[in-house]
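Input: a single structure, listed below in structure tokens.
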Amino acid sequence: MDGELTRAIGQRGGSVVAGWNASNRLVIGRDVKPGQKIQLAVFGANGPLSNPPTNFIWMRLARLDFYKGERGPVAIPPSEVNVEVTRLDPAIDEIIGPNPKIFKLAEGFQFTEGPVWVRKGGYLLFSDPNANTQYKYTKDGDLSIFRKPSGYSGADIAAYGQPGSNGLTLDREGRLTINEHGNRRVTRIEKDGALTILADRYEGRRLNSPNDLVYRSDGTLYFTDPPFGLPRFFDDPRKELPYSGVFSLHNGKLQLVTKDLTGPNGIAFSPDEKYLYVTNWDEKKKVIMRYESQPDGTVSNGIIFFDMTSEPGEDALDGMKVDQRGNLYVSGPGGLWIISAEGRHLGTVIVPKHPHNMAWGDDDGRTLYICARSGLYKMRLNIPGIRP
């Protein structure tokens, strides 16, 4: 169904029908709406394949039932869905094995973003900025609301498309650090639950809508600040800064490190922290910038590290993560791009829903948790990632 097979409501045999004259009951849509279109395809094969046509497939009926269930996101048993890996360089075989699998973990969100794995406790936190909610997904498969509201407390919330939190990360003490779209600030939750505002203004002007963020090992915080959390983006009358910046908070001082990009979005460090990478959400300039990281929290010698502008598709560049060998995993046109530290496009992971951000998780850091539009997914890889 739309490239995915949800294993629920009495389905037997995993992704295939099991047994003689056995029926499968599958969830093909949740919170469906009038006029919604769902594409169904049924494929059959019966063994032995060497003896046609007597070993035929007989399908008696297909009946559509409607159930009144709970509204909102739900966790599902990890369900294998379609995945395609475009392999452009032999080096990708060291990252993704010959039989790649991706599993859906939860669905029904408005839009998933900004995940981070909390090792102390073994769970994933991620945002639904459209729903102004943060969720918690445990290694046992339980889904719950972690924080609501997550990024905006104003009364005019209906005017906002993405008022809630976006990027999440952890500092050296394990404290959750949050980019709040609607409140236009970066905050941190203390050990006692108190909320500390880390940044909300630069030179007296309110930030746009902090998007993604990363800590350097010395505690310096870097974050991107495009206007995508404002109701009218670049044309919003609330916008006070005349640019979209990348900022750092170094020893308590907020400083603008670059304003090269119109839509700075994903942000990550190389393993040795020599380079800072920033993606650009701009259909006219789909680039990854690379800067040399300086001890004082500034950057220098910015270059276009990789350019996807000529690639078709409405999606520009969103979230980004890096593995321990320096490979970049980037939300780009058509899927999840894997780019070597030398700037070679190794391949692309294509899943049914477009991935927008990722986080390395599980005990060994080899599981990539993927936030893709209305769903949450995971994929096991061979190289562990860089984690907070």
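The values are calculated or read from the model by the stated rules, or taken from the named source; none is laboratory data. Just so it is clear, the structure is predicted and the values come from calculations on it, not from any experiment. Cβ sites come from the backbone with ideal geometry, for glycine too, and all protein chains shown count toward neighbours. Just so you know, the surface numbers come from the protein's heavy atoms only, side chains and all, with ligands and any DNA or RNA stripped out. Shrake-Rupley method; radii C 1.70, N 1.55, O 1.52, S 1.80 Å.
Taking the options Ala22, Ala91, Ala45, name whichever one is part of a loop (DSSP other than H, G, I, E, B) and at pLDDT 65 or above.
Of Ala22, Ala91, Ala45, the one residue that is part of a loop (DSSP other than H, G, I, E, B) and at pLDDT 65 or above is Ala45.
Out of the residues in region 58-92 that are closer than 24 Å to Leu143 by Cβ and of a type in the set (S, T, N, Q), which is least open to solvent (accessible area, probe 1.4 Å)?
Ser79
Which ones in region 136-184 are among the charged types (D, E, K, R) and under 16 Å from Tyr215 (Cα atoms)?
Within region 136-184, Asp171, Arg172, Glu173, Arg175 meet the criteria.
State yes or no: is Gly229 in contact (Cβ under 8 Å) with a residue 12 or more places away in the chain, open to solvent by less than 10 Å² (accessible area, probe 1.4 Å) and either within 29 Å of Val74 (Cα to Cα) or assigned to a strand (DSSP E or B) (or both)?
Taking the combined requirement at face value, the residue satisfies it.
Can you find a residue that is among the charged types (D, E, K, R) and surrounded by fewer than 16 Cβ atoms within 10 Å (Cβ to Cβ) anywhere in region 162-171?
For region 162-171, residues among the charged types (D, E, K, R) and surrounded by fewer than 16 Cβ atoms within 10 Å (Cβ to Cβ): present.
Name the single residue, out of those in region 252-288 being of a type in the set (A, V, I, L, M, F, W, C) and under 27 Å from Gly204 (Cβ atoms), that is surrounded by the most Cβ atoms within 10 Å (Cβ to Cβ).
This residue is Val278.
Among Arg373, Arg366, which is open to solvent by 10 Å² or more (accessible area, probe 1.4 Å) and either acidic (Asp, Glu) or closer than 23 Å to Asp272 by Cβ (or both)?
Arg366
Inspect all residues belonging to region 96-111 and state whether any of them is open to solvent by 30 Å² or more (accessible area, probe 1.4 Å), small (Gly, Ala, Ser) and either without any contact (Cβ under 8 Å) to a residue 60 or more places away in the chain or under 20 Å from Trp360 (Cα atoms) (or both).
no
Would you check if there is a residue in region 316-338 being of a type in the set (S, T, N, Q), modelled with pLDDT of 95 or more and in a loop (DSSP other than H, G, I, E, B)?
Taking every residue of region 316-338 in turn, at least one turns out to be of a type in the set (S, T, N, Q), modelled with pLDDT of 95 or more and in a loop (DSSP other than H, G, I, E, B).
Give the residue that is surrounded by the fewest Cβ atoms within 10 Å (Cβ to Cβ), with candidates limited to residues of region 319-339 that are farther than 17 Å from Tyr377 by Cα and charged (D, E, K, R).
Result: Arg325.
Take Ser209 and tell me if it is buried (at least 18 other Cβ atoms within 10 Å of the Cβ) and touching a His at 6+ places or on another chain (Cβ under 7 Å).
Judged against the criteria, Ser209 is a match.
Can you tell me which residues in region 94-121 are of a type outside the set (A, V, I, L, M, F, W, C) and touching a Gly at 6+ places or on another chain (Cβ under 9 Å)?
Those that are of a type outside the set (A, V, I, L, M, F, W, C) and touching a Gly at 6+ places or on another chain (Cβ under 9 Å): Lys104, Glu107, Gly108, Thr112, Glu113, Gly114, Pro115, Arg119, Lys120.
Identify all residues within region 306-315 that are assigned to a strand (DSSP E or B) and buried (at least 19 other Cβ atoms within 10 Å of the Cβ); write none if there are none.
Correct list: Phe306 only.
Check region 138-153 and report whether any residue there is within 25 Å of Leu368 (Cβ to Cβ) and among the acidic types (Asp, Glu).
For region 138-153, residues within 25 Å of Leu368 (Cβ to Cβ) and among the acidic types (Asp, Glu): present.
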